[in-house]
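Encoded as structure tokens, the structure appears first; notes follow it.
The values are calculated or read from the model by the stated rules, or taken from the named source; none is laboratory data. Because the structure is predicted, anything quoted here is derived from the model rather than measured. Cβ sites come from the backbone with ideal geometry, for glycine too, and all protein chains shown count toward neighbours. In case anyone asks, the SASA skips ligands and DNA or RNA and just uses the protein heavy atoms, side chains included. Shrake-Rupley method; radii C 1.70, N 1.55, O 1.52, S 1.80 Å.
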Amino acid sequence: MPKQKTTPICSIVVPAYNEAAVIGDTLKAITEPAVPGEFDLIVVCNGCHDHTAAVAREAAPDARIIELAVASKSMALNTGIRAAEGKPIVFLDADIKTDAVAIRSLVHRLNWSDAFMAYGTAIFNTKECSWAVRAFYEAWQQNTYFDKRKMGGFFAVSPQGLQTLGYFPNTLNDDEFVRRQLMANSVWAEKAPYIVEAPRTLKNLIKVRSRVYRGNTILEADH
């Protein structure tokens, strides 16, 4: 008798641009503790000039690796959505660390609610950062923005949420686009932690924050 195919509890879309240094650890953390067929894992390499795709294939042989010639995270996200076989869809940045347990918790929290989106619990790793960067993150997390926890980098969207979201526009700040569309009908998954590596230097922090501000400005102009 042929072995029955496991129905995935979700699709996981991982957009990746020149992430060869980190993508292997990201994917192994998800797949090694997972049940075979539990996740429909899709890695969308966009405009990569390194070995991101090869590293991803080695780390997660059962994942689907899609390669795009154009470096566009929005295009990668839209491509991943079209390719997804399981619903809901979990979106995960390639440089973020989480695991199968957290993904199960995130999906469970979403499925047992009427929300369009569930988002995980961000943990900022500042151990290797300069004192200025550590001070910034300590102050930043006192902002009222964190009253409902940070949303971004790791979240799940229901089929209804995907209909509301539509497609990702060409923007520098895709997380903010999702937040504006779905945050009003969302739930926080306390037991779904993920680790965000903070920029190590003040110079790199300024680059990251400037990109966020530019992305927000573009979104404001488009709406």
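A few remarks follow.
- The single residue among Ala122, Ala189, Ala118 that is at negative phi, open to solvent by 10 Å² or more (accessible area, probe 1.4 Å), of a type in the set (A, V, I, L, M, F, W, C) and outside any loop (DSSP other than H, G, I, E, B) turns out to be Ala122.
- Members of segment 64-97 that are over 13 Å from Asn170 (Cα atoms) and of a type in the set (Gly, Ala, Ser): Ala69, Gly80, Ala83, Ala84, Gly86, Ala94
- Residue match in segment 103-112 (condition: touching a strand residue (DSSP E or B) at 6+ places or on another chain (Cβ under 7 Å), at pLDDT 95 or above, of a type outside the set (S, T, N, Q) and open to solvent by 50 Å² or more (accessible area, probe 1.4 Å)): yes
Per-residue answers, yes or no, for (1) over 18 Å from Ile81 (Cα atoms); (2) modelled with pLDDT of 85 or more:
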| position | (1), (2) |
| --- | --- |
| Thr121 | yes, yes |
| Gln142 | yes, no |
| Ala156 | no, yes |
| Gly161 | no, yes |
| Asp175 | no, yes |
| Thr201 | yes, no |
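- When residues in segment 1-56 are screened for being open to solvent by less than 20 Å² (accessible area, probe 1.4 Å) and part of a strand (DSSP E or B), 14 of them pass.
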